[in-house]
1. Residues in region 188-200: is at least one modelled with pLDDT under 85, surrounded by 12 or more Cβ atoms within 10 Å (Cβ to Cβ) and in contact with a strand residue (DSSP E or B) (Cβ under 9 Å, 6 or more places away or on another chain)?
2. Within region 288-320, how many residues are in contact with a Lys or Arg (Cβ under 8 Å, 6 or more places away or on another chain), open to solvent by 10 Å² or more (accessible area, probe 1.4 Å) and of a type in the set (Val, Ile, Thr)?
3. For region 485-507, name all the residues that are more than 29 Å from Asp221 (Cβ to Cβ) and in contact (Cβ under 8 Å) with a residue 60 or more places away in the chain.
4. Any residue in region 276-286 that is modelled with pLDDT of 90 or more, part of a strand (DSSP E or B), in contact with a helix residue (DSSP H, G or I) (Cβ under 9 Å, 6 or more places away or on another chain) and over 25 Å from Leu499 (Cβ atoms)?
5. Under 7 Å between Cβ atoms, which residue pairs at least 6 apart in sequence (or on different chains) link something in region 116-144 that is more than 18 Å from Gln170 (Cα to Cα) with a partner that is among the hydroxyl-bearing types (Ser, Thr, Tyr) and at pLDDT 90 or above?
6. Inspect region 586-599 for any residue being farther than 30 Å from Ile365 by Cβ, of a type in the set (A, V, I, L, M, F, W, C) and touching a residue at least 60 places away in the same chain (Cβ under 8 Å) and give the result as yes or no.
7. Let me confirm something: among Leu610, Leu596, Leu592, which residue is aliphatic (A, V, I, L, M), within 46 Å of the chain's Cα centre (by Cα) and open to solvent by less than 60 Å² (accessible area, probe 1.4 Å)?
8. State yes or no: is Glu511 out of contact with any Lys or Arg (no Cβ under 9 Å at 6 or more places or on another chain) and touching a residue at least 12 places away in the same chain (Cβ under 8 Å)?
Amino acid sequence: MQEEFKKKDKEQKIEKRFVSDEIGEKYKEWKNRNIIFITSPTGSGKSYFILHIFLKWAIKNNMRILYLVNRRILKMQLEEELENVEEELCRESSDWKVKCTLNEYINIKTYQSIEKEIKGKEPKKLLFYLNLFSCVIYDECHYFYADSNFNTNTELSYSVLRKVFDNKLQIYVSATPEEMIEEVDKFVKEEQRESEGKMSYEQIFVCPPNERKREYSISADYGYISLEIFENIEDLAHLIKRNGSDKKDKWLIFVDSIERGKDLRKRLLTKNDSEEEKKIINEKDVIFLDAKYDENDDSKESVNEIVNEEFSSRKVVISTAVMDNGVSFKDFNLTNIVIMADTREMFLQMLGRKRTDGGKVKLYICKQNVEHFRKRKMYTENILKCYERHRNTLRKLDKPYCLVSNPYYLYSYVETLFINTKETFYSTEWKQQDILNEILEDTVSSQYIRKFCYSLGGIITLNSLAIKKYLKLKLFYKDMIEKMENDEYAFVKQQADWLGVSHDKVEVVIEESSIDELSKNRERLENAIKEVLGVSMTREENIEWKLKIWKPLLYFLSRDKDFKDGEEDAIKKNDRTISDKIFERCMTQAGLPYVLKIKRGSEQKGIVTLYTIKKID
């Protein structure tokens with residue numbers, strides 16, 4: 001497949017560098033204790049290099065590889081690719097099938113399965129299994145950091161794997177490995193400091209500290225991206241519906257919550273009477289995927305299609321982070337990608353799902369409002385406050401498995417790690433009582449604690465990677481709030497910066513978006529006015545009409561230099577009509593020729609007040 005894409009790129013005069021080009025034959029120099037980082041964007045052949053080049057060399061050298069991934073979907077896709085590798089090996093060697101199978105040289109597992117087994121009843125079997133391998137590949141290695149705030153076991157697998165493979169070859173692979181590079185650098189420096197004057201044979205002769213870490217990097221080129229901006233889920237639904245008549249153009253949409261995904265799907269399938277959206281998207285055209293996709297036959301079938309074909313027959317695929325990395329879409333008709341993500345690593349991983357094919361892709365990014373970041377900052381601060389209450393206790397209980405005196409002896413390691421945990425920490429068990437009380441007695445605090453703690457051997461343990469991430473998120477949200485108070489497009493500019501888009505180009509996109517936004521709001525407002533034009537509305541009917549169209553009304557009212565915050569409340573409240581003065585200001589900003597006439601009646605005499613919108617000749 002990589003050769004096909006290389007050929008296609010050559011035909012379309014695309015200059016692209018692949019991992020195999022960058023590394024060449026240097027992999028033949030890798031040895032035990034080397035820590036290799038491969039940093040390159042999606043579509044640059046990371047998996048191809050490992051499965052079609054490095055694996056074949058490893059087989060010749062009788063190496064066994066443990067290939068770890070962060071998503072079940074990616075595991076399925078790689079297992080499919082291994083079948084192609086085996087076919088290649090059969091063609092290259094007629095007696096391959098007789099001699100052995102690929103399972104003798106490479107096993108693919110998820111990080112989550114490793115974590116489950118570490119905490120299971122027979123961890124000794126797991127550690128014996130891990131020790132059978134001479135090399136570990138941490139594919140999508142950003143997982144340890146990126147997933148730490150919703151899977152607190154990530155640091156458990158990272159710490160154990162790092163210890164078990166410390167004297168073996170470790171390969172980290174990702175398009176966004178920056179946080180893990182930082183963690184490994186910290187670990188290597190600590191190791192060098194601790195080993196001064198007492199270096200082992202491996203440290204002196206096999207792989208000295210200054211040769212331990214090697215990096216190979218390919219920069220990303222996002223020149224194929226055309227930026228578009230949308231306001232919210234409602235706005236996005238309108239965009240997709242207006243595009244509904246073109247059956248060829250497909251959409252891949254990443255949402256930041258299950259609720260938003262379901263809401264978008266519902267909006268897409270809701271009939272709309274407006275002329276531009278009268279063509280309804282068929283229910284079979286839209287699929288929503290989350291982590292529980294295998295519990296639904298339709299979702300499971302769709303995922304299998306994506307894994308096996310690297311393609312979806314659906315017009316619109318909506319997904320949570322379950323497909324944020326590892327999975328590839330090779331589809332020329334997938335020309336629209338929507339991303340709702342707050343962090344750089346997740347944003348770029350989601351974008352990377354579409355393999356470049358020489359065609360342009362429209363990337364829709366969410367403008368977001370300052371309230372979005374205020375809510376997230378408050379939630380993050382609540383988690384960190386909960387952590388601060390228990391920080392001293394957690395430090396005393398922190399990582400019992402790290403206190404092993406000599407982790408290189410596998411069986412003593414197991415004994416200390418799991419069997420004697422209770423005896424070793426008996427004197428400190430009482431110190432976690434306050435945390436246990438809070439978990440059992442306070443539902444809210446329980447949710448917060450689960451964001452940065454996990455348990456091992458009966459001891460509550462801190463995931464320091466999760467705390468590191470929350471601290472960075474807090475600073476990021478604070479920065480966004482401050483910037484958005486002066487610039488409503490600050491988050492748009494931040495996302496563009498992640499892509500390396502110049503400030504001048506971003507300003508052009510923002511200007512075009514503003515013009516388009518004004519046009520769309522004017523059109524929606526005028527269509528709503530035409531529905532009631534010349535019709536006398538009662539007070540209740542006026543309120544009902546106003547609430548139906550309050551967003552375009554507020555959009556134009558907020559553009560008026562005399563706009564006050566209290567007027568926004570008046571527009572939104574369900575017990576207030578829209579006044580003729582506010583209506584006039586909206587029409588002025590929208591450039592529409594309508595006026596609201598009010599014929600006031602007396603409630604005492606039983607005469608109602610009537611509201612009528614008329615066109616100005």
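1. Initially, region 188-200 is screened for residues modelled with pLDDT under 85, giving 188-200.
Still in the list and also surrounded by 12 or more Cβ atoms within 10 Å (Cβ to Cβ): 188, 191-192, 195, 199-200.
Adding the requirement that they be in contact with a strand residue (DSSP E or B) (Cβ under 9 Å, 6 or more places away or on another chain) leaves 188.
Yes, because at least one residue in region 188-200 is modelled with pLDDT under 85, surrounded by 12 or more Cβ atoms within 10 Å (Cβ to Cβ) and in contact with a strand residue (DSSP E or B) (Cβ under 9 Å, 6 or more places away or on another chain).
2. 0
3. Passing the criteria: Glu485, Glu488.
4. yes
5. If the second residue must be among the hydroxyl-bearing types (Ser, Thr, Tyr) and at pLDDT 90 or above, the pairs left are Ile118/Ser157.
6. First pass over region 586-599, keeping only residues farther than 30 Å from Ile365 by Cβ: 587-588, 593-599.
Filter once more, keeping what is of a type in the set (A, V, I, L, M, F, W, C): 587, 595-596, 598.
Now narrow it down to the ones that are touching a residue at least 60 places away in the same chain (Cβ under 8 Å): none.
Within region 586-599, not a single residue is farther than 30 Å from Ile365 by Cβ, of a type in the set (A, V, I, L, M, F, W, C) and touching a residue at least 60 places away in the same chain (Cβ under 8 Å).
7. Values: Leu610 fails: within 46 Å of the chain's Cα centre (by Cα); Leu596 fails: within 46 Å of the chain's Cα centre (by Cα).
Answer to the selection: Leu592.
8. Working: out of contact with any Lys or Arg (no Cβ under 9 Å at 6 or more places or on another chain): yes; touching a residue at least 12 places away in the same chain (Cβ under 8 Å): no.
It is false that Glu511 is out of contact with any Lys or Arg (no Cβ under 9 Å at 6 or more places or on another chain) and touching a residue at least 12 places away in the same chain (Cβ under 8 Å).
The values are calculated or read from the model by the stated rules, or taken from the named source; none is laboratory data. Fair warning: this is a prediction, and the values are worked out from it, not measured in the lab. Every residue, glycine among them, receives a Cβ derived from its backbone with ideal geometry; neighbour counts consider all protein chains shown. Just so you know, the surface numbers come from the protein's heavy atoms only, side chains and all, with ligands and any DNA or RNA stripped out. Shrake-Rupley method; radii C 1.70, N 1.55, O 1.52, S 1.80 Å.
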